[in-house]
Amino acid sequence: MTTPPQAHSTLPQAARVLAGLLLLSGVTHLAQLAVYQHEANVLGAAGFGAVYFMIGIAIVRRWPAALHLAAVLPAIGGLLGIYRYFFLHTNPFSVWHVALDLIIVPLAVTLLARRRTEPAGTPSGSPASL
């Protein structure tokens, strides 16, 4: 007889969306390597993409620091993407990635705030937590 999954085994929808956006951003950051030459700014962006992909996986696996990383690193990456667009390499990838960062960062901060304000007895997989 199998045991039914516990209530906290399902990742909340907002966390799934966050993980999906990070995974998508990671893939599209890395896709730049196939589109543009291997210039330093492209390699830097691809490096950020690899990190975003790993953060997306870490959120799915409920790694405790993942939300913090999802709030901070895309904020830095977004600022660097703006700089890159205006001063180094005008391209649609930069616009796309900054737009994703404008969704990812507030979503990660919201999930962090929910986690900090949830009652002590709330199961770790409830919609209010990650």
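Exactly one of (1) in a helix (DSSP H, G or I); (2) in contact (Cβ under 8 Å) with a residue 40 or more places away in the chain is unmet by ARG62. Its number?
Going through (1) in a helix (DSSP H, G or I); (2) in contact (Cβ under 8 Å) with a residue 40 or more places away in the chain one by one, ARG62 breaks only (1).
Given (1) of a type in the set (D, E, K, R); (2) open to solvent by less than 90 Å² (accessible area, probe 1.4 Å); (3) modelled with pLDDT of 95 or more, where does ARG115 come up short, assuming only one miss?
Of everything listed in (1) of a type in the set (D, E, K, R); (2) open to solvent by less than 90 Å² (accessible area, probe 1.4 Å); (3) modelled with pLDDT of 95 or more, ARG115 misses just condition (3).
Being open to solvent by 10 Å² or more (accessible area, probe 1.4 Å) and touching a residue at least 24 places away in the same chain (Cβ under 8 Å) narrows it down to one of GLY56, GLY49, GLY44, so name that one.
Just a single option satisfies the conditions, and that option is GLY44.
The values are calculated or read from the model by the stated rules, or taken from the named source; none is laboratory data. None of the values given here were measured: they were computed from a predicted structure. Note that each Cβ is placed from the backbone with ideal geometry, even for glycine, and that neighbours are counted across all protein chains shown. These area figures cover heavy atoms from the full protein model, side chains too; ligands, DNA and RNA do not enter into them. Shrake-Rupley method; radii C 1.70, N 1.55, O 1.52, S 1.80 Å.
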